[in-house]
Amino acid sequence: MGACAYEFPNEFRQCRKEEERWSRGTEQEATGEPVASVQSVAEEVLGNLRVLEDINGIENPRTRAVVALTIDGYSQEEIRQMLDAPTVRAVEAVLHRW
């Protein structure tokens with residue numbers, strides 16, 4: 001280990017940094033402290049309104065549904081099942097054309 005640390009010091013530092021970052025994240029989860037929001041409430045609301053305007057601007061209802069479900073975090077397989085699309089590639093094609 002010592003010889004590798006001398007030969008590849010940046011890799012060792014990067015590994016330690018990732019371990020520290022991971023341990024800080026698990027401590028925060030264990031204590032239940034809320035994660036600080038990057039956005040204010042007003043920014044979040046304005047962002048949501050903009051997304052709604054963009055989605056409502058899509059004329060094709062199938063495309064609108066695929067985009068909305070994608071934004072909500074559904075996988076393409078789940079979207080395929082919900083919308084009775086023939087394949088996952090069909091869902092990908094809808095997103096690509098949009």
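Okay, residues lined up against (1) at positive phi; (2) more than 18 Å from the chain's Cα centre (by Cα); (3) in a helix (DSSP H, G or I):
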residue	(1), (2), (3)
LEU46	no, yes, yes
LEU49	no, yes, yes
ILE55	no, yes, yes
ARG64	no, yes, yes
ALA68	no, no, yes
TYR74	no, no, no
ARG89	no, yes, yes
ALA93	no, yes, yes
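From the list ARG13, ARG62, which one is at pLDDT 90 or above and either open to solvent by 60 Å² or more (accessible area, probe 1.4 Å) or of a type outside the set (A, V, I, L, M, F, W, C) (or both)? Can you show your working first?
Details: ARG13 fails: at pLDDT 90 or above.
Just a single option satisfies the conditions, and that option is ARG62.
The values are calculated or read from the model by the stated rules, or taken from the named source; none is laboratory data. Because the structure is a prediction, the values reported are computed rather than measured. Quick note on the areas: whole protein, heavy atoms, side chains included, nothing else; ligands and nucleic acids left out. Shrake-Rupley method; radii C 1.70, N 1.55, O 1.52, S 1.80 Å.
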